[in-house]
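The numbers here are math on the coordinates, done by the rules we state, and not lab data. All values reported here derive from a predicted model rather than from experimental measurement. Don't worry about glycine lacking a Cβ; one is built from the backbone with ideal geometry, like all the others, and counts go over all protein chains shown.
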């Protein structure tokens, strides 16, 4: 039979709920192992899901014992935030929405409430109500921690994918021995400029390049910020021992640069990538001989 509670041995509801969670953590973890939020993530074995549930229960017990049941930053939650992040990422990759994840976390509460009511059978109704309220608030806070972690994990994933897209959109092409080129397409903002610089400098080292060409034919507009980014990239390339040429200076861009008063006199510029490559080859000591055209044999 469940232990009978008296006014003498009853403690603070938060402390009592914390003690209950510690004592029943194995039973709770066993029930949670079959819940969707654990079952669909920890698929190697059921024991893996039980272990994950056990760590969450222990965190809840620590939070309840501290009395900070409504605090998302309570120390107890810090222990399981990394696990919750992995769980959230796995559910997100499986296509679960924030609403579904929230519902799955809410589904963890009934099994624990059932065990708590069994534990408190025989206790006064007001004390039972206080303890179940503490548990409800605690589980609600856990759900909010999970949703917050899901949001952060989702943003981290977006940032990683964005960086990967920037890297893909900024290829470095080896045009000739010692000559590399970076064809830029689209807007050149601060984040992308940093990727361009890092990618170019890495290529200069790997390819032992002495000349680097930044082709801005695909950059729609050039303003003072874009020009500043280009000049920083050119300066960084020079520090690595490579001369940098900016190609793709169209008439409209040339006029814009003049109107803005941007001084690019210290940078080698060419109208097209072909012109820049011809200059680079000359700097390398190569001689370009125009083709005489096909020879037509007389009949």
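Here are some notes:
- Rounded to the nearest 10 degrees, the inclination of helix 224-239 to the longest alpha-carbon principal axis of the chain is 80 degrees.
- Antiparallel bridges, percent of DSSP beta bridges restricted to the range 111-260 (to nearest 5): 20
- Relative contact order of the range 161-281, pairs being alpha-carbon contacts under 8 Å that are 6 or more residues apart, as %: 24
- Projected over every direction and averaged, the convex hull enclosing the alpha-carbon atoms of the range 173-283 yields 6.0 nm².
- Across the range 13-158, Cα pairs under 8 Å and at least six residues apart give a relative contact order of 32 percent.
- Bridge type composition, the range 173-283 - antiparallel percent by DSSP, nearest 5: 20
- Where labels lie 7 Å past Cα in the beta-carbon direction, separation of residue 275 and residue 221 in nm: 2.4
- Chain lengthening between residue 191 and residue 75 when straightened (0.36 nm per residue, less Cα-Cα): 38.3 nm
- When the Gaussian network model of the chain links Cα atoms closer than 10 Å, the mean-square fluctuations of 200, 120, 135 top out at 120.
- Summary of packing: across the peptides 111-118, 262-269, 178-185, the per-residue average of other C-beta atoms within 10 Å ranks them, highest first, as 178-185, 111-118, 262-269.
- Only Cα sites of the chain enter the Debye sum here, all with the same form factor; the resulting log10 I(q)/I(0) across q = 0.11, 0.12, 0.13 1/Å is -0.75, -0.80, -0.87, listed in q order.
- The long axis of helix 46-66 is offset from the longest Cα principal axis of the chain by roughly 70 degrees.
- Overall dimensions of the range 13-158 by Cα: Rg and Dmax, Å: 14.8, 52
- Between residue 97 and residue 43, the FRET efficiency estimated from the beta carbon spacing at R0 = 22 angstrom works out to 0.60.
- The relative contact order of the chain, computed from alpha carbon pairs under 8 Å that lie at least 6 residues apart in sequence, is 13 percent.
- The antiparallel fraction among DSSP beta bridges confined to the chain stands at about 20%.
- Computed from Cα positions, the angle between helix 125-168 and the longest principal axis of the chain comes to roughly 10 degrees.
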